[in-house]
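Everything on this sheet refers to the single structure shown next.
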Amino acid sequence: MGEVELSCLAYVKMYLHGCLFPRCSVNGLLLSSSPAGGAVCVTDCVPLLHSHLPLAPITQLGLTQVDVWCAQTQQRIVGYYQANACVSDNSPTPCALKIADKIAEQCNNAVLLMIDGGKMSPDYRVPPIVMYERKDTRWTLKDKHTIMLRQWEETREIANQLLDSGDHSLLVDFDSHLDDITRDWTNQKLNAKIAELASPANVCTWMSRVEK
């Protein structure tokens with residue numbers, strides 16, 4: 001497998017998902033709006049669960065709903081992410097491997113991303129992620145030099161600003177949607193907020209503030 005690029009939108013939502021439920025394991029699906037073949041560009045993610053991760057029926061329901069939505073929005077599922085409840089443990093669980101295997105059946109270059117909870121401090125210098133790729137029938141660590149997150153400093157600032165303002169509470173995972181079906185698991189409101197903060201004008205404002 002070649003390079004994997006992780007967008008600001010995808011990273012920020014994964015990060016906020018972990019922050020919103022700090023004592024829970026959380027998981028979700030990685031999406032791409034780019035065509036199959038070549039480098040994998042993860043353009044978005046769908047937060048799935050923050051409880052009962054190994055419960056197959058709920059996971060299958062989430063996968064099915066997201067798959068249908070992707071078909072309607074010209075996206076595809078290209079991977080899986082998870083953060084374990086134990087912050088010192090960033091190893092893929094049997095549940096993570098099983099779901100990633102299922103995704104890999106439909107996507108040859110699927111990725112498995114684990115969030116390193118022990119490195120999720122606001123000022124951490126590199127993205128707190130560990131990525132795996134499937135080789136033959138095994139998931140192996142991916143060379144970190146083939147993982148790209150452009151404009152990391154700006155992405156980290158957006159995540160921190162959303163946390164500081166309390167806007168991370170806008171995030172809705174599929175679990176929360178099942179509790180209240182009026183809540184939008186596609187997170188259009190949060191997506192718009194992230195896009196607003198990522199606009200060139202706002203990025204320049206942050207850079208000026210940091211330099212001062």
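The values are calculated or read from the model by the stated rules, or taken from the named source; none is laboratory data. What you see is a predicted model; the values in this text were computed from it and never measured. Here the Cβ positions follow ideal geometry from the backbone for every residue, glycine too, while neighbour counts run over all protein chains shown. Surface accessibility is based on the protein's heavy atoms, side chains included, excluding ligands, DNA and RNA. Shrake-Rupley method; radii C 1.70, N 1.55, O 1.52, S 1.80 Å.
Here are a few things to note about the model shown:
- Rolling a 1.4 Å probe over the protein heavy atoms leaves D67 with an accessible area of roughly 90 Å².
- Relative contact order of segment 80-130: 43 percent, from C-alpha pairs under 8 Å at least 6 residues apart in sequence.
- Available extension along the chain between T137 and C86 is 15.7 nm, counting 0.36 nm per residue and deducting the alpha carbon span.
- Taking every lysine pair in the chain that is 8 or more places apart or spans two chains, those with Cα atoms closer than 28 Å amount to 23.
- Residue order for H168, H17, H145 - accessible surface, 1.4 angstrom probe, largest first: H145, H168, H17
- Cβ-Cβ distance of D123 and M148, R₀ of 25 Å, FRET efficiency by 1/(1 + (r/R0)^6): the value works out to about 0.75.
- Annotation for segment 136-186 versus segment 1-71: alpha-carbon center distance of 8 Å.
- Sparsely packed loop sites in segment 124-189 (the chymotrypsin sites (Phe, Trp or Tyr not before Pro) outside DSSP H, G, I, E and B with at most 16 other Cβ atoms within 10 Å) comprise Y124.
- The computed mean projected area of the Cα convex hull in nm² for the structure shown corresponds, within (1) 34.1; (2) 13.6; (3) 11.6, to (3).
- Calculated [θ] (222 nm, deg cm²/dmol) that DSSP helices of n ≥ 4 give over the chain, each run adding -39,500 (n - 2.57): -12000 deg cm²/dmol
- Note on Q74 and D184: the extension gain reaches 37.7 nm, defined as 0.36 nm multiplied by sequence separation minus the Cα-Cα distance.
- Cα gyration tensor category, rounded, prolate or oblate, for segment 1-116 with a/c compared to 1.5: prolate
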